[in-house]
Structures are given as structure tokens and as C-alpha cells.
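To start, the structure under review is shown below, and the notes come after it.
Each value in this text was obtained by applying a stated rule to the coordinates, not by laboratory testing. Bear in mind the structure is a predicted one, so any value in this text is a computation, not a measurement. Here Cβ is always computed from backbone atoms with ideal geometry, including for glycine, and neighbour counts include all displayed protein chains.
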Amino acid sequence: MQFVRSTLLDALIAIREIPRVCLHSLNITGQCGRIKLHFGLTKQQLHSKESVCIGPNFNQLNKCKTLIRSWLLYREMGSGKARFYDTVRKTLHYKEHPSLEGTRFLGSTFGWVVMSNSVSLQQRNHHQTFLFNPFTLQRDELPSLIIGNPQYPRTVVRYGVLTGNPREDNTYVCLLIDDFRIYDFMDVMNHPRLHIYYVAKRNGNWSQHWLATSFPALNNLPIHGSTIESISPCADKISFIIRGHSFDFTFQSHDWSVRETQENDPIEWNPFHGQPFHQIKHRLQISPQIPTTLAIIGTKTGRQRVKNRTWEDGNPSVSYIEGVWVEVRA
């Protein structure tokens, strides 16, 4: 009996790592002191391109925690049809959902994607964003952000992340926004400055008031969104790697600290390391004939950090594909 309890515990721990949409078809039975696991799916369902998630090798299910990494969610910019690339089994899964149509990825943490209601990168002072879970298909609207500062009348949202589980209080949503200042009625177009706008969840609801802070300058040069290599949020602060430096902002004290980063990131994970773009396109089933820009937003999990990366064919792009790494969470 001790063996059965121990094996069952290992299996249940592994199951926690499987997206919730799979759990309805999971069955556990004990036979002669051994645990048998199966998903109740037919062979056709297991290989269906419409399947959102497919369980790992059944014989290695108790190793699921070490197998599962982040999955790549990507699509043609603004399309309602997206693909999920599973880096462990190197398989693609297809999904279509209204929340994807006409929207833009801003970033992902804790299995949720922060999204903008618009694909437009036009400068504006009003932004509407929301959270979307591609595994459970849940959508959570965020409060509107209206920037009333007359000095920054036009802004662009570059990235968005969560600092924790959006179902729990004291979680922050952070939007990274470039502003375009006006001096004497002239736009300073080539020198945008980056800000963080953040809002907290209190008593089960998102606050309606966004707070803001500006990135400190580095070597007297302003920081802007295109220079960000990675974003690493946690419960009480958020960190950024920019130009070989780590920028840390603490929510409670509202303080910034800046330091040089170590040369090698011990937890960096690059699933496409060393691969030329044509191989990446082949793996993701992107047409090799169409000149393409592929822009992927990284993520930070408890085990790995994936940096933001962009690939181009070298010719003027006809297709713009955006992607975001999404941590697989139950």
C-alpha cells in the first residue's frame, strides 16, 4: 500500500502541471499495486490538429513536471486563428477563438497572455487591454487606461505582464508604454521614453486607477521599448534586462535599482538556438516562399527565462507573425 500511495502522489503532482482543459478526460485506476493512467482519448483525437493540448507520453506521465516547458503561441498579426508549438514533442496544435481576432500579444506570464484590443501601433492616449488564457479560453477585462498628462498625449503599448496569478489579490498587471513628448508643439519622434503603468487586484477586483513610473535613463540616454531583452516579474518587483543592465522596480517602495548583468544568464533557454530562420520557419510550418518577420515575446517562469527575439528574411516582409511564449499551467 505504501508503494501505491507514493506512486499515486507522484502522479497527482504531475497532473497539476497539465492544462485544465485536459483534466476532464483523465482517469486514474489502481491495479495490483500499480497506477494506470489514461486520458480517455481516441487515437484520432490524440492526433487531431484541433486539439488544444495533448498529454505527454503516458508511460512517463510522472515525469511531466520536467518535460513541460513553455509553448509558443503565434499567428499572423491580428488573426483569430493561432498555432501552439509544443517544444517537448515538437508538435503543432491549432486554435481559433474570437478573443484573438483583431488583437495584439503584449506578453505572457503564469499561463496568461496580456493582450491589446487593437493591432494598431498608432500613438494614442487611450488603451484597452485584457487577459486571455489560451488553455482554458478564459478572458478577463482590464480597466481602461487613459493617459491624461498633456505632455504625453500620444503613447504606444509595447509589452504587458502579470506578477502573479490573476485570480489572486495583490497581483499586478504591468503595461510598458513608450511616450512621445511634445516640446513647443514639436514631436520628439526619435526619442520616446518608456514608462510602466501598473494596476493591482484588491478584494477580488482590479483597481480602476493605474499608477505610473518612468524608467531611469542609462548613460544619459532614455530607455524605450525596443531595447528590452527580457522581463522578469515576481510578487513584489519587476525586472528588465536592457543594454547589459538589470533594471529592478519595487512596487511597495516605488524605488528603482540599476546594475550590470552577469555575462551568462544561468536560466536562459533558447529553443531555437543556432538555427537559421529558414529552419525555424520549417519547424513552425511558416511558408518558406513568403518574406516574413517573426517577432516573439519571451517569458519568465520559475525554471527558465526566454528573451524577446525577432527574425527577418532580409527582404521587405509581406507577412508579419507575432508570437509569445506561454507557460503551461493547470
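Annotations
- Cross-chain or 6+ apart pairs with Cβ under 6 Å, region 214-234 first and in contact (Cβ under 8 Å) with a residue 12 or more places away in the chain and surrounded by 14 or more Cβ atoms within 10 Å (Cβ to Cβ), then acidic (Asp, Glu) and part of a strand (DSSP E or B): His224/Asp178; Gly225/Asp178
- From the list Lys300, Lys307, Lys237, Lys281, the one residue that fits, being touching a Cys at 6+ places or on another chain (Cβ under 9 Å), within 29 Å of Arg329 (Cβ to Cβ) and charged (D, E, K, R), is Lys300.
- Residue in region 238-246 that is part of a loop (DSSP other than H, G, I, E, B) and in contact (Cβ under 8 Å) with a residue 24 or more places away in the chain present: yes
- Gln208, sole failed condition from (1) touching a residue at least 40 places away in the same chain (Cβ under 8 Å); (2) surrounded by 15 or more Cβ atoms within 10 Å (Cβ to Cβ): (2)
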